[in-house]
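In what follows, a single structure is set out as structure tokens and then discussed.
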Amino acid sequence: MPQIVLSSGTVEYQDTGGDGPVLVLCHGLPMNGTQWRKVVPLLDGYRCVLPTLPLGGHRRPMARHADLCQRGVALLLGEFIERLGLADVTLVLNDWGGGQFLVSEGKSERLARLVLVACEAFDNFPPGPAKAAAAVCGIPGGVRLLTRLMRIPAFRHNRNGYGGMSLRGVPDEVMDDWFAPATRSRAIRRDFAKFATSAPKRGTLLAWSERLRDFDRPVLVVWATEDRLMPREHGRRLAELYPQGRLVEIADSSTLVPEDQPERLAEVLTGFLIETGAEPVRPAG
């Protein structure tokens with residue numbers, strides 16, 4: 001897997017290559033690019049870049065000094081985009097919504113558009129049911145305890161936790177891969193805990209959200225109608241907040257729309273891209 005050394009440490013990533021418009025697809029806690037494994041093959045003609053951000057599913061620990069708060073990871077994402085020389089980027093978020101803080105931090109010059117798929121927004125960092133897990137991560141040994149609990153089917157598939165993120169259910173081998181780095185490495189558990197416990201206070205989050213009004217480029221908000229983690233009203237509010245925002249709701253899906261409705265998501269995404277000037281580039285002949 002390709003990797004790049006950034007100020008906070010080494011970040012691995014996937015890159016489908018090609019000359020098509022660039023999509024940077026981000027994942028949630030503690031996931032990785034496999035979150036998009038059903039969608040990327042449906043995006044023919046686009047260059048898909050999938051960084052493994054230090055949200056707990058990464059295999060290379062960050063430096064001890066790394067700022068892994070919500071703002072810090074957003075800035076690391078911006079550094080990743082800049083160091084790869086990516087421009088006119090469509091930034092696609094699902095579950096983790098902190099990538100929006102590139103806008104509030106004035107670091108969105110390389111972004112041509114945003115696609116926000118059932119993600120954290122406003123004061124929903126972390127989402128309600130995940131607050132208990134974040135509290136566990138804040139105690140010594142908490143992340144290790146969480147990884148052990150995730151081996152128990154009744155805990156793993158609980159509708160108030162990770163089991164509620166997909167109506168279809170994430171395959172065990174995929175979820176095993178997400179939790180494997182934190183299971184094996186104390187340094188990864190350190191990074192996991194730093195991020196999981198980093199949510200700012202409500203007032204700060206709402207102040208950052210107000211700055212999103214400055215993003216004057218196209219924004220597609222895709223929300224899931226059966227989502228237990230991301231309030232349905234947040235989809236509407238986001239679409240109204242961004243000057244060029246638009247909302248599409250997808251039925252029969254929870255938070256992980258790429259898992260539950262990949263075909264519909266790819267259809268909505270490519271329609272938006274073409275409509276806003278990002279035509280796919282396919283090989284001649």
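Applying a threshold of 7 Å to beta carbon distances and a minimum spacing of six or more residues, or different chains, the list of pairs starting in segment 262-285 at a residue that is more than 11 Å from residue 21 (Cα to Cα) and open to solvent by 70 Å² or more (accessible area, probe 1.4 Å) and ending at one that is at pLDDT 95 or above and of a type in the set (Val, Ile, Thr) reads 264/250.
May I ask you to say which residue of 20, 9, 33 is under 15 Å from residue 91 (Cα atoms), out of contact with any Leu (no Cβ under 8 Å at 6 or more places or on another chain) and of a type in the set (Gly, Ala, Ser)? One residue alone meets the criteria, 20.
Among the residues making up segment 194-212, those that are open to solvent by 20 Å² or more (accessible area, probe 1.4 Å), in a helix (DSSP H, G or I) and in contact with a helix residue (DSSP H, G or I) (Cβ under 6 Å, 6 or more places away or on another chain) are 208, 211. Give segment 219-251 a look and list any residue that's touching a residue at least 60 places away in the same chain (Cβ under 8 Å) and in a loop (DSSP other than H, G, I, E, B), or say none. Within segment 219-251, 227, 228, 229, 230, 231, 242 qualify. Every listed requirement among (1) touching a residue at least 60 places away in the same chain (Cβ under 8 Å); (2) within 24 Å of residue 274 (Cα to Cα); (3) open to solvent by 20 Å² or more (accessible area, probe 1.4 Å) is met by residue 40 save one, (1).
Is segment 256-268 home to any residue that is of a type in the set (Lys, Arg), modelled with pLDDT of 95 or more and closer than 23 Å to residue 43 by Cα? Checking segment 256-268: at least one residue is of a type in the set (Lys, Arg), modelled with pLDDT of 95 or more and closer than 23 Å to residue 43 by Cα. Within segment 51-90, the set of residues being in a loop (DSSP other than H, G, I, E, B) and among the β-branched types (Val, Ile, Thr) comprises 52 only. Considered as a group, the residues in segment 140-175 that are exposed (fewer than 14 other Cβ atoms within 10 Å of the Cβ) and closer than 16 Å to residue 56 by Cβ include one that is modelled with the lowest pLDDT, and that residue is 151.
For first residues located in segment 98-121 and outside any helix (DSSP H, G or I), partners that are open to solvent by less than 20 Å² (accessible area, probe 1.4 Å) and modelled with pLDDT under 95 and lie 6+ apart or on another chain with Cβ distances below 7 Å form the pairs 120/127.
What are the residues in segment 175-185 that are under 17 Å from residue 10 (Cα atoms) and assigned to a helix (DSSP H, G or I), if any?
Across segment 175-185, the qualifying residues are 181, 182.
The values are calculated or read from the model by the stated rules, or taken from the named source; none is laboratory data. None of these values were measured; they are calculated from a predicted model. In this analysis, Cβ positions are derived from the backbone assuming ideal geometry, glycine residues included, and neighbour counts consider all displayed protein chains. Accessible surface areas use protein heavy atoms only, side chains included; no ligands, DNA or RNA. Shrake-Rupley method; radii C 1.70, N 1.55, O 1.52, S 1.80 Å.
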